[in-house]
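Since every read-out is calculated from the coordinates, none of them should be taken as a lab result. Quick caveat: nothing in here was measured; it's all calculated off a predicted structure. Here the Cβ positions follow ideal geometry from the backbone for every residue, glycine too, while neighbour counts run over all protein chains shown.
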Amino acid sequence: MAVSVGLVAQVIENIAPKYWAEEWDNVGLLVGSGSKPVKRILLCLDCTLEVVEEAKAFDAQLILAHHPIIFKPLKNLRADNGAAQVPLRILQYDIACYAAHTNLDQSNISSSKVLGKLLGLEKIELLERIYDNRDDQLERGYGVYGYLKESHKFGVVWKDFLDKLKKSRVYAQDYELSGVRLAGSLDKEIRKIAIVNGSGGRFVPKALFKGADLLITGDVDHHALLDALDGSLAIADLGHFLSEAPMLQSLYEHLTAEKALQGVEIRVSSVNRSPWL
Ligand SMILES: [Zn+2]
């Protein structure tokens, strides 16, 4: 039986149901048809114009993106509207586009969980567990926290983490690990660590409440950072892209292990990288 866009969506929604997504989010099939047959899939965090060109060259029928290509209401399709260019190009090439965003962030394959395991954290728990009224077997929530076997200075913990990142397979591509920003004393003893992929500034109070010594995240704004430091919480800001890219590899592994998708060629984008120089 031919694989359709709808079947791929089902495989993703089995681990990250659409109803988990935040109200302000825009997940699911955003461009194309659910009945479209799929032979090749390209995975990315950001479906940029470069990624669309890569998908065309790969002859992909479907792009799976973490960030929705239509997010704020699209009011026109003008040539000078930056937000309109990707939807226009993707339509022109007849490629479908599906987004798994805040629902994937809460899933078992989130970057936070991958990075927590990579650090070797013990007694890992969700940082913000979400409960709902549905009879759901899947535990869900944002971020994780856990403990190192023993405490070490921030500088030592961070060097060890970067070494592990370089040697591991949590990234599908060879990304440049520069641009990471640290705040707090490098001599501070670290034992309890919280991790939130993506924009983690809003989780600073939660990490403080849990008594974390360090929060590893991306995109912390100035004021959230000052609050963290006043509460004696060290911050490691990997940048938005690097903090979320592990989800590409874990999603790739989830999809390639799925029997229903056997025969479909799946690739992680090689051109989708942090947009910062
Ligand atoms: Zn994100």
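When DSSP beta bridges are restricted to pairs lying wholly in the chain, around 45% turn out antiparallel.
Placing +1 on the Cβ of every Lys and Arg and -1 on the Cβ of every Asp and Glu, with nothing else charged, gives segment 1-114 a dipole about its Cα centre of roughly 240 debye.
Between Glu176 and Ala257, the C-beta separation translates, for a Förster distance of 45 Å, into a calculated FRET efficiency of about 0.95. Of the cross-linked pairs Lys153/Lys210; Lys56/Lys113; Lys18/Lys167; Lys113/Lys188; Lys18/Lys113, those separated by over 30 Å at the C-alpha level are Lys56/Lys113; Lys18/Lys167.
Inter-label distance, Leu186 to Ser232: 2.2 nm, where each label sits 7 Å from its Cα along the C-beta direction.
The charge dipole of the chain, taken about its Cα centre with unit charges on the Cβ of Lys, Arg, Asp and Glu (plus for the first two, minus for the last two), comes to roughly 360 debye. In straight Cα distance, which aspartates and glutamates are under 13 Å from Lys166, not counting same-chain residues fewer than 8 positions off? Output for Lys166: Asp174, Glu176.
Once both labels are positioned 7 Å from their Cα atoms along Cα-to-Cβ, the gap between Asp132 and Gln10 label points is 2.0 nm. Extending 7 Å from the Cα toward the beta-carbon at both Arg40 and Glu53 defines two label points whose distance is 1.6 nm.
To test your reading of the geometry: what angle, between 0 and 90 degrees and rounded to tens, separates the Cα axis of helix 246-256 from the longest principal axis of the chain? So the helix axis and the longest Cα principal axis differ by about 50 degrees.
When you restrict to C-alpha pairs under 8 Å that are six or more residues apart and normalise by the size of the chain, the relative contact order lands at 20 percent. Could you name the aspartates and glutamates whose alpha carbon sits less than 13 Å from that of Lys117, not counting residues in the same chain fewer than 8 places away? Once the sequence-local aspartates and glutamates are set aside, what remains near Lys117 is Glu125. Under the convention that each Lys and Arg Cβ holds +1 and each Asp and Glu Cβ holds -1, the size of the dipole of segment 158-236 around its Cα centre is about 340 debye.
From most to least packed by mean Cβ count within 10 Å, the peptides 174-187, 100-113, 142-155 give 100-113, 142-155, 174-187. With 28 Å as the limit, the listed pairs Lys72/Lys192; Lys72/Lys259; Lys149/Lys206 have Lys72/Lys192; Lys72/Lys259 beyond it between alpha carbons.
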